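Here is the structure we will look at, set down as structure tokens.
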Amino acid sequence: MKKLMLAAMAATAAIAFTAHATAQNYKDEYTVSTVLPDSFPWGAAAQRWADLVDERTDGRINMRIYPGTQLVQGEQTREFTAMRQGIIDMAVGSTINWSPQIQELNIFALPFLMPDYDALDALTGGEVGNRLFERIEEAGVVPLAWAENGFREITNSIGPIRTPEDLDGMKIRVVGSPLFSDIFSALGANPTQMSWADAQPALTTGAVDGQENPLTIYSGLQMQNVDQNYITLWGYVADPLIFGVSAQVWDTFTEEDQQILREAAVEAGDYGIELAREGLVEPDLSLIEEIESEGVEITRLTEDERQAFVDATRGVYDEWSETIGQDLVTAAEEAIANR
Ligand code: X2X
């Protein structure tokens, strides 16, 4: 009988604990997963988040950034699951890397859905973004704010890509969502799916001919030095980032600290978005000009040329709209039309 009472008391104490989180129970360190380190807009946004939180909680919440998705041995498509399980506390993660678990996040990778930054902002800042955040929260991760990896441009070592035919047989490294393999297969290329950790040596050794990533990454890694001498500005998809906290961890924070984490994420996200667009948006195209001045050939598509890529990938768009949810895709198309 006494044992039973003790068990009941312990259970009550446990409930009281979750209902009233106190800072005394905080961990010494909270892990924050990213793919890129702070020399890139992605890692810089994560670091800013950690710095702001440290300052505003007087060190109660100590966040440390682990780039290279090292907490999941570089397997970036496992980041979301690890966070949901509480193996990783927090992350600034790519929608691409989380899309194997949250199918709806593939929406940002629908080819040629978003023609410009306003279109991207219309999605993240509107109903579509809210719905995606609801889905993520249901899945066990608390999403706090958006940041940005950027529009993904295609680069290669063989020659200029101006038509889908130019991609014929080209070996292109693609990211972990099968949607990317489908896009490049539809364009006649030979897509090879690999993690970012594997992509870098594959580019160095010439095991692949090309890759697609934002120009901030191209420039940060000086990809012209691994023969990626041709870039086509086609902006076929964009890759926003999300600040997320494992729900298990989130519930241990006081309301005041949750508020600090959220506000700091919004500010760090704005900062990261600014960095991600620096030199890439009219009238300041200095990053593109800088790359060009290194002798890299940059191909700019005419409307008609771009349309040929749109047409060639339309089947993939339609097919993946089913997987994502036609309703969400329609909401996105409307938000973009009304931007
Ligand atoms: O793997 C990539 O290409 C990267 C770094 O852009 C992502 O993590 C989506």
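The values are calculated or read from the model by the stated rules, or taken from the named source; none is laboratory data. These numbers come from a predicted model, not from an experiment. Backbone-built Cβ (ideal geometry, glycine too); neighbour counts: all protein chains shown. When the accessible area is computed, the model is the full protein with side chains, heavy atoms only, and any ligands, DNA or RNA have been set aside. Shrake-Rupley method; radii C 1.70, N 1.55, O 1.52, S 1.80 Å.
Let me spell out the model: positive unit charges on the Cβ of Lys and Arg, negative unit charges on the Cβ of Asp and Glu, origin at the Cα centre of the chain. What dipole size does that give, in debye rounded to 20? Walk me through the numbers on the way to the answer.
Working: 21 positive and 55 negative charges, 327 e Å.
Around 1580 debye, computed over the chain.
Ignoring everything except DSSP H segments at least 4 long, calculate the 222 nm mean residue ellipticity for the chain; use -39,500 (n - 2.57) per segment, divide by total residues, nearest 500.
Numbers: 15 runs with 157 residues, N = 339.
Helix-only estimate at 222 nm: -14000 deg cm²/dmol.
For every other residue with a beta carbon closer than 15 angstrom to the beta carbon of Pro283, add +1 if it is Lys or Arg and -1 if Asp or Glu, then tell me the sum.
Numbers: positive: Arg277; negative: Asp116, Glu278, Glu282, Asp284, Glu289.
Result for the neighbourhood of Pro283: -4.
When all alpha-carbon pairs of the chain are counted, what percent fall beyond 31 Å?
Working: 19663 of 57291 pairs.
Tail fraction, whole percent: 34.
Keeping every protein chain in place, order Asp54, Asp209, Asp28, Asp270 by accessible area at 1.4 Å, biggest value first, i.e. largest first.
On the way: Asp54 70, Asp209 35, Asp28 135, Asp270 95 Å².
Ranking Asp54, Asp209, Asp28, Asp270 by accessible area, largest first, yields Asp28, Asp270, Asp54, Asp209.
Would you please put 279-288, 128-137 in order of how densely packed they are, using the mean number of other Cβ atoms within 10 angstrom per residue and starting with the highest? Write out the running numbers ahead of the final one.
Working: 279-288: 13.3, 128-137: 18.1.
Per-residue Cβ counts within 10 Å, averaged per peptide and sorted highest first, yield 128-137, 279-288.
Near Ile88, within a Cβ-to-Cβ distance under 11 Å, what is the net charge of the other residues, with Lys and Arg +1 and Asp and Glu -1? Intermediate values should be presented prior to the final figure.
Numbers: positive: Arg78, Arg84; negative: Glu79, Asp89.
That sum, taken over residues with Cβ under 11 Å, equals 0.
For a protection proxy built on the mean count of beta-carbon atoms within 10 angstrom, sort 158-166, 96-104 highest first, please.
Top of the packing list down: 96-104, 158-166.
Taking the Cα centre of segment 125-275 as origin and charging only Cβ (+1 Lys, Arg; -1 Asp, Glu), how large is the dipole, in debye to the nearest 20?
On the way: 7 positive and 23 negative charges, 131 e Å.
Taking the Cα centre of segment 125-275 as origin, the dipole is about 620 debye.
State the percentage of accessible surface on segment 174-251 attributable to carbon and sulfur atoms; use a 1.4 Å probe and exclude ligands, DNA and RNA.
Values: 1040 of 2310 Å².
About 45 percent, which is the carbon plus sulfur part of the accessible surface.
Work out how much length Gln307 to Ala207 would gain on full extension: take 0.36 nm times their residue separation and subtract the Cα-Cα distance, in nm to one decimal. Intermediate results must be reported in sequence, preceding the final value.
Numbers: separation 100, 0.36 × 100 = 36.00 nm, distance 3.00 nm.
Residue separation times 0.36 nm, minus the Cα-Cα distance, leaves 33.0 nm.
Starting from 0.36 nm per residue, how many nanometres of slack lie between Arg314 and Glu282 once their C-alpha separation is accounted for? Could you put the intermediate results ahead of the total?
Details: separation 32, 0.36 × 32 = 11.52 nm, distance 2.82 nm.
Contour length minus the Cα-Cα distance gives 8.7 nm.
Roughly how many nanometres apart are two label points built 7 Å out from the Cα toward the Cβ at Ser185 and Glu55?
Calculated label separation equals 4.9 nm.
Using the per-residue mean of other Cβ atoms lying within 10 Å as a proxy for protection, in what order, highest first, do the peptides 312-320, 145-153 fall?
Values: 312-320: 16.6, 145-153: 25.6.
Per-residue Cβ counts within 10 Å, averaged per peptide and sorted highest first, yield 145-153, 312-320.
With point charges of +1 on the Cβ of Lys and Arg and -1 on the Cβ of Asp and Glu, referenced to the Cα centre of the chain, which listed residue (Tyr271, Leu52, Leu285) lies farthest in the positive direction of the dipole?
Leu52
Of all DSSP beta bridges located in the chain, what percent are antiparallel, nearest 5?
60 percent
Please give the direction-averaged projected area of the C-alpha convex hull for segment 223-339, in square nanometres with one decimal. Before the final figure, lay out each step's value.
On the way: hull surface 46.7 nm².
The orientation-averaged projected area of the Cα hull of segment 223-339 comes to 11.7 nm².
Before I look further, what does the chain give for accessible area per residue, probe 1.4 Å, in whole square angstrom? Provide the component values of the computation, followed by the final result.
On the way: 14710 Å² over 339 residues.
Per-residue value: 43 Å².
Count charges around Tyr66 for me, please; just the other residues with Cβ under 12 Å from its Cβ, Lys/Arg as +1, Asp/Glu as -1. Present the calculation step by step, with values, prior to reporting the outcome.
Numbers: positive: Arg64; negative: Glu29, Asp38, Glu79, Asp89.
Computed value for this residue: -3.
Figure the gain on full extension for Glu322 and Glu75 (residue separation times 0.36 nm, minus the Cα-Cα span) and round it to one decimal in nm. Kindly include the intermediate steps, with their values, before the conclusion.
Working: separation 247, 0.36 × 247 = 88.92 nm, distance 2.68 nm.
Roughly 86.2 nm would be gained on extension.
Picking from Val128, Ser157, Pro100, whose Cα lies most toward the positive end of the charge dipole for the chain (charges on Cβ: Lys, Arg +1; Asp, Glu -1)?
Pro100
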